[in-house]
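**Q** Mind looking over this structure? Questions follow.
The values are calculated or read from the model by the stated rules, or taken from the named source; none is laboratory data. Since the model is a prediction, treat every value here as computed from it, not as a measurement. With ideal geometry, Cβ positions are generated from the backbone for all residues, glycine too; neighbour counts draw on all protein chains shown. Keep in mind that these areas ignore ligands, DNA and RNA; they rest on the heavy atoms of the full protein, side chains included. Shrake-Rupley method; radii C 1.70, N 1.55, O 1.52, S 1.80 Å.
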Amino acid sequence: MDNFIFGQYSPGDSFIHRLDPRNKLFLTILIIVASLLIHSWVSPLILLLVCAFAIQTSHVGWHFLIHGIKFFIHMILLTSLLQLLLSRSGKVYWYFWIFNISSFGAHIAIMSFFRFIIAIIISMLFLLTTSPIEISDTISSLLNPLKFIHVPVEDISLTISIALRFVPTMTGEVHRIMDAQKSRGVQFHKGNVIKRIKMSIPIMFPLFINTFKRAEDLASAMILRGYTGNRYRSSIRKMHWHINDTIVFIAIILIIILIFLLIES
Amino acid sequence: MKVKEISFVGIFAALLILFSLITIPTPLVPFTLQTLAVLIIGGTLRPKLAISTVALYLLLGFVGLPVFAGGASSGPASFLLPTGGFLISFLLEVSFLSIMTSKFVKYDHYSFVYPLLASVINLVFGWIWFKFDTGMTWKVSLFTSLVPFIIPEIVKCVISTFVSQKLRVIIHNK
């Protein structure tokens, strides 16, 4: 749990790692949206090929990816199976009680299977090749246009940094509270379900109260150091858009346009 | 945003992330503390802070940080999965709960009703989302996505009422 936030990132210096994180996030979202809009059987295969090529170029290794997908695979398979067995439309091939296999059911089951797989693979790839710091910078830069409608973007990016910064601190706090309660005789791993759930209360109380104190202290510290909200601040880390970013950006957009023009139409 | 709001939203989002990572193993349905934390935050913080905290948490999950239950996240895909509706409706849940508790609560025996209604909003929205996402019938999706969570959710409502009630006394002197 201590390193969870950094757990997914696989450091490296591949072509994909070096791409601008803003570009990666935008293309990730674009591919996911495209995968939702396609209806032909060929299109997801092309998108999967793009994903496979990206994974190969990123050098993160397939085992990382398979490990990540494993978590979702039961849910995806179950959803597809239920769709296959419970939707009745088009030509019915087989039926038994409320279950049946129809041409429409088979089609939506396969399509939704591919959609989830594409969405998960491409998101995993983004996570594996982009460090959490880059991700938090990306969120801030993506929110930038909202400044025009007076959204306090600088403040939001500060809250993001605070949230990410304090997760490890508060994990330590939970361990401390658990140790303190253990020393008073609480046994966290014994008893039935109800007992175990009840055990969470002596952790929650001190944790919430300490969290309030911590937030108050942080606010006081910020005020004392003269922090005033929503002003332009420069950043120590700058993101750079290189020629490679432009190439990848154009290539992906072209592939998606071609899919919609040639296959989907 | 005021400095105090920035600090509270950031730190409580961290707390929500932390709670989401804790899952108590129970038979059949995993008992995650994620929904419990949303209920406690909704029942304790003022509406603006509570809603901003949950919105920030969802934003972090959306861009791909592994902040959702069990430490899993697949970024934007989390919202497209059949269970995405449960995540999105956290916002409705926390808005409803924080507004109701901050406006109408003198804590009494009925204070259990607010978290319960908030959970109903969450579950029903999640169920409708699940139904349309998977294309199942209403009845089948009801038994797959809503019914198994009813008992754990009631337990969470009881705990959250108890915890929020005491926390509000300590924090806001209410």
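**Q** Which three extents, in angstrom, do the Cα atoms of the range B:3-172 have along their principal axes, listed largest first?
**A** Here the Cα extents, ordered largest to smallest, are 45, 36, 28 Å.
**Q** What helices does chain A hold that run 20 Å or longer along their axis, going by alpha-carbon atoms, with a Kyte-Doolittle average of -0.5 or more, using DSSP H for the helix calls? Provide the component values of the computation, followed by the final result.
**A** Numbers: long enough: A:21-37 (24 Å, 1.55); A:42-58 (24 Å, 2.01); A:62-86 (34 Å, 1.56); A:103-129 (39 Å, 2.03); A:153-183 (45 Å, 0.27); A:201-224 (34 Å, 0.97); A:243-258 (22 Å, 2.79).
Helices meeting the criterion: A:21-37, A:42-58, A:62-86, A:103-129, A:153-183, A:201-224, A:243-258.
**Q** Remind me, relative contact order of chain A in percent, using alpha carbon pairs under 8 angstrom and six or more residues apart?
**A** The value is 27 percent.
**Q** Moving to a separate point now. Roughly what would the spin-label model give for A:Phe53 and A:Arg18, points 7 Å off Cα along C-beta, in nm?
**A** For the pair A:Phe53/A:Arg18, the computed spacing is 1.9 nm.
**Q** What's the longest uninterrupted piece of chain A once you rule out the chymotrypsin sites (Phe, Trp or Tyr not before Pro) that are loop residues per DSSP with at most 11 other Cβ within 10 Å?
**A** A:98-231
**Q** Related question: Can you tell me the FRET efficiency between A:Lys182 and A:Ile149 if r is taken as the Cβ-Cβ distance and R0 is 35 Å, rounded to the nearest 0.05?
**A** Efficiency for this residue pair is about 0.10.
**Q** Let me ask something else. To the nearest 10 square angstrom, what accessible area does A:Asp245 show with a 1.4 Å probe?
**A** 0
**Q** Let me ask something additional. Which residue fluctuates the most in chain A, going by a Gaussian network model with Cα springs under 10 Å, if the choices are A:Ile236, A:Ile203, A:Ile118?
**A** Highest fluctuation of the listed residues: A:Ile236.
**Q** Moving to a separate point now. Taking only Cα atoms and a 10 Å spring cutoff, compute GNM fluctuations for chain B and point out the largest among B:Lys48, B:Lys139, B:Lys131.
**A** Result for chain B, Cα springs under 10 Å: B:Lys139 fluctuates most.
**Q** Over the C-alpha atoms of the protein assembly as shown, what are the Rg and the largest Cα-to-Cα span, Dmax, in Å?
**A** 22.9, 73
**Q** Another one. With a point put 7 Å past each Cα toward its Cβ, work out how far A:His189 is from B:Lys48 in nm, to one decimal.
**A** 4.6
**Q** Provide the buried accessible surface between chains A and B in square angstrom, both chains summed, 1.4 Å probe, rounded to the nearest 100.
**A** What A and B bury together is about 5400 Å².
**Q** Taking the Cβ-Cβ separation of A:Arg237 and A:Ser265 as r and a Förster radius of 41 Å, what is the calculated FRET efficiency to the nearest 0.05?
**A** It comes to 0.45.
**Q** If you line up the long axis of helix B:150-172 against the longest principal axis of chain B, both from Cα atoms, how many degrees apart are they, to the nearest 10?
**A** Once rounded, one gets 20 degrees.
**Q** Averaged across the residues of A:148-161, what count of C-beta atoms belonging to other chains lies within 10 Å of each residue's C-beta?
**A** Across the residues of A:148-161, the mean count of other-chain Cβ atoms within 10 Å is 4.
**Q** Sort A:His39, B:His172 from largest to smallest accessible area, using a 1.4 Å probe on the heavy atoms of the protein chains.
**A** If we order A:His39, B:His172 from most to least accessible, we get A:His39, B:His172.
**Q** If we restrict to alpha carbons, what Rg and Dmax does the range A:100-144 come to, in Å?
**A** Final numbers for Rg and Dmax: 17.0, 50 Å.
**Q** If you roll a 1.4 Å probe over the range B:3-172 with all protein chains in place, what percent of the accessible area is carbon or sulfur?
**A** Using a 1.4 Å probe with all protein chains present, the range B:3-172 comes out at 76 percent carbon and sulfur.
**Q** A:Lys198: which aspartates and glutamates have alpha carbons under 16 Å from its alpha carbon, excluding same-chain residues fewer than 8 sequence positions away?
**A** Straight-line reach from A:Lys198, under 16 Å: B:Glu153.
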